[in-house]
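Working notes for the structure below.
The values are calculated or read from the model by the stated rules, or taken from the named source; none is laboratory data. What you are looking at is a predicted structure, and each value in this text was computed from that prediction instead of being measured. Methodologically, a virtual Cβ is constructed for each residue, glycine included, from the backbone with ideal geometry; neighbour enumeration extends over all protein chains shown. To get the accessible areas, we keep the full protein, side chains included, count just its heavy atoms, and leave off ligands, DNA and RNA. Shrake-Rupley method; radii C 1.70, N 1.55, O 1.52, S 1.80 Å.
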Amino acid sequence: EEFASFSVKTGEKSGSTIITASLNGKITFQEIEIGTDETYLPDDLILELNLPTTEMHVNSEMPFSVYLKTSDGIIVRAPNDIEISLEHEKSLASPNSKTLIIKEGTYYAWGILSAHERVGNTFLRAIHEESGLDIAKSIEISSTLPTALQLSIFPKLIPAEVDRTLDMFVTV
């Protein structure tokens, strides 16, 4: 497995916390912010595509997330279901779905990108057609073995709610 998923439950207080992961003597950490739960789409909206790394290995998988934020970095809660279309270069890697839905009341959606048997450079593009927002990221696919451990939290700012469960990923 190239990554592991785990859940974190939040309380009702705002603030920050650190999530730590370790594997074979390698340790990494990521800070997350617990914030407000406003539910509107502001005018200064930015679509974000979050990849834990820009490098993959042949025949591997990598989680990714999409979310909306303001120009000052505040993650926006979806006031209704928000559909995000995905485009990719089919010969090198493919996401597990052509669309992701940021469900009403949530902050992000996530999918899995699977690399095929060829090396090279590819891309993943996320598009929110209703607002005209889009973002693309490039990914290098190689045949070398993994050399590091990375903890990726999608997104890094989440709302303060009692017993909220979040998706977290550790990639090798």
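When both residues are 6+ apart or on different chains and their Cβ atoms are under 9 Å apart, which pairs have a first residue that lies in segment 103-115 and is part of a strand (DSSP E or B) and open to solvent by 10 Å² or more (accessible area, probe 1.4 Å), and a second that is charged (D, E, K, R) and at pLDDT below 90?
Short answer, once both residue conditions are applied: Tyr108/Asp167; Trp110/Asp167.
Residues of segment 67-88 being surrounded by 13 or more Cβ atoms within 10 Å (Cβ to Cβ) and touching a Phe, Trp or Tyr at 6+ places or on another chain (Cβ under 6 Å), which ones?
Correct list: Tyr67, Ile75, Arg77.
So Ser5 passes all but one of these: (1) in contact with an Asp or Glu (Cβ under 8 Å, 6 or more places away or on another chain); (2) open to solvent by less than 40 Å² (accessible area, probe 1.4 Å); (3) at pLDDT 75 or above. Which condition number does it fail?
Checking Ser5 against (1) in contact with an Asp or Glu (Cβ under 8 Å, 6 or more places away or on another chain); (2) open to solvent by less than 40 Å² (accessible area, probe 1.4 Å); (3) at pLDDT 75 or above, the one that fails is (2).
So which of Ala126, Ala136 ends up being exposed (fewer than 15 other Cβ atoms within 10 Å of the Cβ) and modelled with pLDDT of 95 or more?
Values: Ala126 fails: exposed (fewer than 15 other Cβ atoms within 10 Å of the Cβ).
Answer to the check: Ala136.
Of all residues being part of a strand (DSSP E or B) and closer than 21 Å to Ser60 by Cα in segment 116-136, which is farthest from the chain's Cα centre (by Cα)? Just the residue, please. Steps first, please.
First pass over segment 116-136, keeping only residues part of a strand (DSSP E or B): 120-128, 133-136.
From the residues that got through so far, the ones that are closer than 21 Å to Ser60 by Cα too are 120-126, 136.
On the way: Gly120: 22, Asn121: 20, Thr122: 18, Phe123: 15, Leu124: 12, Arg125: 13, Ala126: 12, Ala136: 13 Å.
The extreme case among them is Gly120.
Taking segment 48-60, which residues are in contact (Cβ under 8 Å) with a residue 60 or more places away in the chain and open to solvent by less than 50 Å² (accessible area, probe 1.4 Å)? Outline the logic, then answer.
Going residue by residue through segment 48-60, those that are in contact (Cβ under 8 Å) with a residue 60 or more places away in the chain are 48-58.
Within segment 48-60, Glu48, Leu49, Asn50, Leu51, Pro52, Thr53, Met56, His57, Val58 qualify.
Scan segment 89-100 for residues that are surrounded by 14 or more Cβ atoms within 10 Å (Cβ to Cβ) and assigned to a strand (DSSP E or B) and jot them down.
Hits for segment 89-100 are Ala93, Ser94, Pro95, Leu100.
Cβ contacts < 6 Å: first residue in contact (Cβ under 8 Å) with a residue 60 or more places away in the chain, restricted to segment 61-81; second residue assigned to a loop (DSSP other than H, G, I, E, B) and polar (S, T, N, Q), any location; separation 6+ or different chain. Result?
Arg77/Thr39
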